[in-house]
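Undergrad: Input: one structure, supplied below.
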Amino acid sequence: MATFVLVPGAWLGAWAWEDTARALRERGHTALPLTLTGLAERADQGGPETDLDAHIADITGFVEEHDLRDVTLVAHSYAAAPATAAARRLGDRLERVVYVDSAPFAAGMCMLDLMPPQAADQLRRQVDASGDGRLPMPPFEVLGLSSSLDGLDEAQLDVLRARATPQPFLTYVARLHERVPTEPGPGVDRVLIACNDFRALLDAGVPMLAYLNQPPWRRFALPTGHWPMLSAPAELAGILDAAVS
């Protein structure tokens, strides 16, 4: 049986993994969701200074403090950024890395690089105007312009709206250090779970993503929106189970 460390994406905490973690435990696995600094129940532990390094330390510290071995590290969305660096630092503690609707970050890359320059500038202005160094979750009207919210019913949307916490903005601005290798160590299994929009990009043959369609990567499709741990938790658990079998 596998040991899963489940890392949530932006605005979320360990709470988002509850149903998926329960389904994994029912299959006999160890499932350990964590909350990153400055989010959810740890919101008061972070501030404007909370950056990518803090979240890398959260992941590596969690694994080391619990003395976990043969870890399957699961990173959803934004969590791909800190997980990319943490995967290398965990060394022989790591058996597998799974990116859920996300992909590894290259050295020198940050979250804002994934956005058009005008959108990134708008986020900077929004955070500057707020004065607290945090980025709120976008309105559902904006998220609904893509398939991001697919599969979420009104009750799940209410939960997401109520429990999402603003993201420390430095985690979006900070870049992975150029000096730190971003490839996991040799022998680490690499898995990608692609939901609707990301799957379409992979199928379209976007050049910068082409390597994800080739070994050593193993790819699974999950036909739902960007938050599968909320919209399809049992199905996500089933794919994670298949990935370690």
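Undergrad: Determine, yes or no, whether Leu212 is closer than 25 Å to Glu154 by Cα, touching a residue at least 40 places away in the same chain (Cβ under 8 Å) and surrounded by 12 or more Cβ atoms within 10 Å (Cβ to Cβ).
TA: no
Undergrad: Something else now. For segment 121-149, which residues satisfy the criterion of being in a loop (DSSP other than H, G, I, E, B) and more than 18 Å from the chain's Cα centre (by Cα)? Break it down into steps so the answer makes sense when it comes.
TA: Filtering segment 121-149 for residues in a loop (DSSP other than H, G, I, E, B) gives 131-133, 136-139, 144-149.
Result: Gly131, Asp132, Gly133, Pro139, Gly144, Leu145, Ser146.
Undergrad: Tell me, yes or no, whether segment 194-208 has at least one residue that is among the aliphatic types (A, V, I, L, M), closer than 18 Å to Glu18 by Cβ, touching a strand residue (DSSP E or B) at 6+ places or on another chain (Cβ under 8 Å) and not in a strand (DSSP E or B).
TA: no
Undergrad: Would you mind finding the one in Leu240, Leu209 that is within 18 Å of the chain's Cα centre (by Cα) and modelled with pLDDT under 95?
TA: Working: Leu240 fails: modelled with pLDDT under 95.
Answer to the check: Leu209.
Undergrad: Given the residues Ala21, Ala40, which is the only one that is closer than 22 Å to Asp158 by Cα, aliphatic (A, V, I, L, M) and in contact with a strand residue (DSSP E or B) (Cβ under 9 Å, 6 or more places away or on another chain)?
TA: Ala21
Undergrad: Among (1) outside any loop (DSSP other than H, G, I, E, B); (2) buried (at least 19 other Cβ atoms within 10 Å of the Cβ); (3) in contact (Cβ under 8 Å) with a residue 40 or more places away in the chain, there is one condition Arg190 misses while meeting the rest; what is its number?
TA: All conditions pass for Arg190, except number (2).
Undergrad: Let me ask something else about it. Just name the residue that is farthest from Leu12 (Cα to Cα) out of those in segment 150-187 that are part of a helix (DSSP H, G or I) and of a type in the set (A, V, I, L, M).
TA: That would be Val173.
The values are calculated or read from the model by the stated rules, or taken from the named source; none is laboratory data. This is a predicted model, so every value here is computed, not measured. Here the Cβ is made from the backbone with ideal geometry for all residues, glycine too, and neighbour counts use every protein chain on show.
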